[in-house]
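The values are calculated or read from the model by the stated rules, or taken from the named source; none is laboratory data. Here the structure is a predicted model, which means the values were calculated and not measured. Reconstructed Cβ throughout: ideal geometry from the backbone, glycine too, with neighbour counts over all protein chains shown. Side chains are part of the model used for accessible areas, which takes the heavy atoms of the whole protein and leaves out ligands, DNA and RNA. Shrake-Rupley method; radii C 1.70, N 1.55, O 1.52, S 1.80 Å.
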Amino acid sequence: MTLQGRELILGVGGGISAYKSADLLRRLQDLGFGVTVIPTRSSLNFVGTSTWEALSGRSVNPSLWNNVHEVPHIKAARSANIIVVAPATADLLAKIANGICDDLLTNTISASKSPIVLVPAMHPEMWLNHATVANVERLRSRGFLVIEPDEGRMTGDDFGVGRYPEVSRIVSEISKFAELNSDLLGKKILVTAGGTREAIDPVRFIGNISSGKQGYALAKAARNRGAEVVLIAANTNLPPIDGIRTINVVSALDMQRELAVEFEKCDAIFMTAAVADAKPKERNTEKIKKINLDKIELEENPDLLVEIAKRAKAEQVLVAFAAETGEVDLGAATEKLRRKGAALLYLNNVSGGAIFGSDRTSGYILDANGLQIHCPDQDKDTLADLLLDQARIKLG
Ligand code: CTP
């Protein structure tokens, strides 16, 4: 695939390996990217602006304070399809992980909605430092691609993990990321995640143990593939994902309200959320005395997916999720999918506390025409891409 016409920002951090990014820049241009370099001030101690201007064929502005009338960080952030920071120093990782914006590069990253690739390079002690490890984990959980450094000789006489990776590996990981990034470009994807809570009284609710992890993984994967993503999250405890508009809701009726607004505009919807099937008929304003707890009357919640399916246009793709605890019954699940009017259904067996709250999953992807894809134990990010592949086929 060609990336011709796509724009990339190459951020350069202040590490001795900054000179290797000159070669990286060339290889990225070979891929068809137009590359704009944003060096940090300290990186200019290693490689100067003239090198970057000559290689990129573009002017290089390392400062937030040049051309202020053009609001340079917003202009840069909007222009880039992807941002690559190489080398990413421990200091830069810490700043980005914590949202610190004190120069043009960090401001641009903070303002960007595009996928961001970080290429750490530093001494092994710094790479393994607890603060760096925590920052990397945080960045990955927010959807940044953090490429593992190589093992080898350092600037001094030491040896270990922390070397700037081979440029060929960086290019291969970026192009994989960028290729994935493009197949949902221009698509709008709506994801619901978490579990709804139905208030009984001011302190109690009917709920479930859905963590929202699969929904967040889907939202992140869809964003990485170029989609515009809206996430409706019910009672999750997960960090927000950069570049994704998240709407927080509590109950099934809250979710119903938000779906009504967002649904019309989307090409595909992933109903990952565990919507409570029932709610108390009345929400008591005072805490109910325990003697009266057996008097709580329940009524059914609307089936949000069925409601949407009734209004959906033919080209909108609906994906349902089903969590069962008994024996896996693919026939019954296919029947449920048809009944709900979904194009696809992911069925998983959550017996014995499996899957809910975990980073891993296993199950089956089904469609109304008899498609059955067995998905053995895998992480939720991998499953997210598999589901997006299937939804992509249905989107045409
Ligand atoms: N769902 C929904 N609204 C509800 C209940 C479920 O939109 N009130 C959606 C979920 O988001 C999920 C799928 O329907 O995508 C899950 O259905 P499930 O709860 O397995 O189906 P039920 O119709 O409740 O069937 P069962 O009686 O087997 O639980």
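The table for this structure:
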read-out: Accessible carbon and sulfur surface of the chain relative to its total accessible area, %, 1.4 Å; value: 51 percent
read-out: Protection proxy ranking of 223-236, 57-70 - average other beta-carbon atoms within 10 Å, highest first; value: 223-236, 57-70
read-out: Percent of alpha-carbon pairs separated by more than 30 Å within the chain; value: 48 percent
read-out: Cut-off 11 Å, label 7 Å out along Cα→Cβ of residue 286, residues of region 194-211 by amide N; value: none
read-out: Residue among 154, 255, 122 with the largest mean-square fluctuation in a Gaussian network model of the chain, springs linking Cα atoms under 10 Å; value: 154
read-out: Gyration tensor (alpha-carbon) shape descriptor, region 1-62, a/c threshold 1.5; value: prolate
read-out: Scaled radius of gyration (Cα, divided by 2.2 N^0.38 Å) that region 87-174 gives; value: 1.08
read-out: Cα-based shape type of region 49-109, given that a ≥ b ≥ c are square roots of the gyration tensor eigenvalues and the cut on a/c is 1.5; value: oblate
read-out: Mean Cβ count within 10 Å, highest first, over the residues of peptides 203-210, 309-316; value: 203-210, 309-316
read-out: Peptides ranked, highest mean first, by Cβ atoms within 10 Å: ranges 286-299, 262-275; value: 262-275, 286-299
read-out: Gyration tensor verdict on region 3-177 (Cα atoms; rounded if a/c is under 1.5, prolate if a/b is larger than b/c, oblate otherwise); value: rounded
read-out: Projected-area average for region 139-279 over all orientations - Cα convex hull basis, square nanometres; value: 11.3 nm²
read-out: Choice from 124, 72, 239 with maximal GNM fluctuation in the chain (Cα, 10 Å cutoff); value: 239
read-out: Reachable lysines, given that their alpha-carbon falls under 16 Å from the alpha-carbon of residue 220 and they are not under 8 places away in the same chain; value: 113, 176, 187, 188, 380
read-out: Gain in span if fully extended, residue 257 to residue 394, counting 0.36 nm per residue against the direct Cα distance; value: 46.7 nm
read-out: In degrees, nearest ten, helix 213-224 long axis to first principal axis of the chain (Cα); value: 40 degrees
read-out: Net charge dipole size for region 3-177 [Lys, Arg +1 and Asp, Glu -1 on Cβ; Debye, nearest 20]; value: 580 debye
read-out: Counting DSSP beta bridges with both ends in region 162-252, the antiparallel % (nearest 5); value: 15 percent
read-out: Beta bridges per DSSP with both ends in the chain, % antiparallel, nearest 5; value: 30 percent
read-out: Per residue accessible area of region 22-133, 1.4 Å probe, in Å²; value: 44 Å²
read-out: Principal axis dimensions, region 188-395 - Cα atoms, whole angstrom, descending; value: 54, 37, 32
read-out: Å² of accessible area per residue within region 188-395, as computed with a 1.4 Å probe and no ligands counted; value: 48 Å²
read-out: Gain upon complete extension [residue 354, residue 338; 0.36 nm per residue less C-alpha separation]; value: 3.1 nm
read-out: Extension gain from residue 141 to residue 265, taking 0.36 nm per residue of separation minus the Cα-Cα distance; value: 41.9 nm
